[in-house]
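The values are calculated or read from the model by the stated rules, or taken from the named source; none is laboratory data. Model, not experiment: these values are computed from the prediction. Positions of Cβ are backbone-derived with ideal geometry, glycine not excepted, and every protein chain shown enters the neighbour counts. Quick note on the areas: whole protein, heavy atoms, side chains included, nothing else; ligands and nucleic acids left out. Shrake-Rupley method; radii C 1.70, N 1.55, O 1.52, S 1.80 Å.
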Amino acid sequence: MGYYFGIDTSNYRTSAALYDSENKTWQNSGRLLEVPEGRIGLRQSDALFQHTLHLTERIADLTQGFLRRVDAAAVSTRPRAVEGSYMPCFLCGAGTAHSMAHAAGIPCYEVSHQQGHLAAAALSADALDLLKKPFLAWHLSGGTTELLLVTPSETNGLPEAEIIGGTTDVAAGQIIDRAGNLLGLSFPAGAALEQLAQSCENPEKPFRPKVLDSMFSLSGVQNKVEALAASGADRPVIARFAIDTIAEGVLKATAQAKQKYPLPVLCAGGVMSNRALQQAMHQRFGAKFAQPELSGDNAVGVAVLASLLHEEKS
């Protein structure tokens with residue numbers, strides 16, 4: 001049991017966190033990257049610049065003098081724990097974490113952004129024991145819609161993820177943000193789109209994606225959303241249609257996967273903070289979720305992984 005430090009510099013948020021493994025408490029300081037109005041993302045060079053500009057502030061926002069108590073650090077260095085997975089935005093966090101750990105005389109472990117999401121969701125759902133056995137997991141974020149078969153690595157015990165389902169083209173988060181952009185909502189649009197959808201009184205029948213072996217396409221959904229907007233449909237109707245259609249695909253894909261892999265289901269990523277989707281997944285599959293503050297990008301899961309790696313070696 002100890003005290004751990006984590007950094008995550010994804011394409012959406014700059015974050016630093018502390019995690020107390022004995023009490024399972026955490027402190028997270030995150031800042032959304034600034035996206036110009038009307039745009040639905042950033043170039044990697046712009047994301048890297050903003051991380052470099054703001055990471056020092058995130059670290060300074062944590063408890064002063066925390067490095068004197070920290071047993072180990074971890075940092076996300078790539079999107080997924082597979083060969084060839086790379087994004088420049090993670091370079092800022094990697095360099096800072098390794099430098100701080102070297103100065104403090106503590107180990108610094110490298111993990112993936114996706115592994116951090118899974119660990120944060122497990123911690124938030126009071127289900128850290130899931131990380132020690134096989135389970136199914138959804139990672140639904142701005143650029144990722146993947147249904148994963150997760151098993152603990154024989155090498156270091158970290159969650160290893162095999163993609164067994166998800167989208168074949170457009171990610172769920174992209175549909176959410178593109179629909180939000182059409183409706184004049186700020187990026188990222190998930191929370192605002194959900195609030196708008198809740199006011200829909202006469203919903204449009206959702207598109208039912210064809211799901212085969214837990215894989216499905218959402219490109220047709222994007223076309224339908226654009227068609228609804230062009231036809232002058234009410235904004236709440238468009239918002240509700242986008243969310244309901246994503247839920248259709250996710251629920252069908254999960255049902256197919258559960259037939260093959262009768263395992264617990266954990267849900268991670270910002271899109272999975274949608275309450276309607278959570279309710280449907282919990283009712284049908286008993287799925288577990290992260291709390292809203294740990295659904296989106298954060299460094300808490302990275303710090304949790306530092307604890308697992310360090311305490312395994314101790």
Of the peptides 34-41, 9-16, how do they stack up when ordered by the mean number of other Cβ atoms within 10 Å, highest first? 9-16, 34-41
Quick P(r) readout (the stretch 41-110; Cα-Cα; 10 Å bins; whole %) gives 19, 46, 29, 6
Spatially near lysine pairs across the chain, Cα under 17 Å, sequence gap of 8 or more or different chains: 12
Dimensionless Rg ratio for the stretch 38-164, taking C-alpha atoms and the 2.2 N^0.38 Å reference: 1.15
What is the Cα centroid distance between the stretch 44-121 and the stretch 198-234, reported in whole angstrom? 37
What does the convex hull of the Cα atoms of the stretch 13-77 come to per residue, in Å³, rounded to a whole number? 109
Express the Stokes-Einstein translational diffusion coefficient of the chain in µm² s⁻¹, to the nearest whole number, given a Kirkwood radius over alpha-carbon pairs, 4 °C and a viscosity of 1.567 mPa s. 66
I'd like the accessible area for CYS200, computed on protein heavy atoms only with a 1.4 Å probe and all protein chains in place. Round to 10 Å², please. 20
Not counting ligands, DNA or RNA, and with a 1.4 Å probe, what is ASP126's accessible surface area in Å² rounded to the nearest 10? 130
Working from the pairwise distances between different alpha carbons, so that the mean of 1/r is found and then inverted, what is the stretch 211-310's Kirkwood radius in Å? 15.6
Enumerate the amide H contacts of GLU160 below 5 Å, restricted to partners 5 or more residues apart or on another chain; note that Pro and chain-start residues carry no placed amide H. THR151, SER153
Accessible area of the chain with a 1.4 Å probe: how many percent of it is carbon plus sulfur? 48
Ordered by packing density, taken as the mean number of other Cβ atoms within 10 Å over each peptide's residues, highest first, how do 163-171, 115-123 rank? 115-123, 163-171
Surface per residue (accessible, 1.4 Å probe) for the chain, Å²: 45
Can you list, bin by bin at 10 Å, the percent of alpha carbon pairs in the stretch 210-254, starting at 0? 27, 48, 21, 3
Would you please put 206-215, 247-256 in order of how densely packed they are, using the mean number of other Cβ atoms within 10 angstrom per residue and starting with the highest? 247-256, 206-215
Defining a contact as two alpha carbons under 8 Å apart and six or more residues distant in sequence, what relative contact order in percent does the chain show? 24
If I histogram all Cα-Cα distances within the stretch 114-252 using bins 5 Å wide from 0, what percent of pairs lands in each bin? 2, 10, 18, 19, 16, 13, 10, 6, 3, 1, 0, 0
Please list, ordered by chain and number, the residues whose modelled amide H lies under 5 Å from the amide H of ARG13; skip anything fewer than 5 residues away on the same chain. LEU33
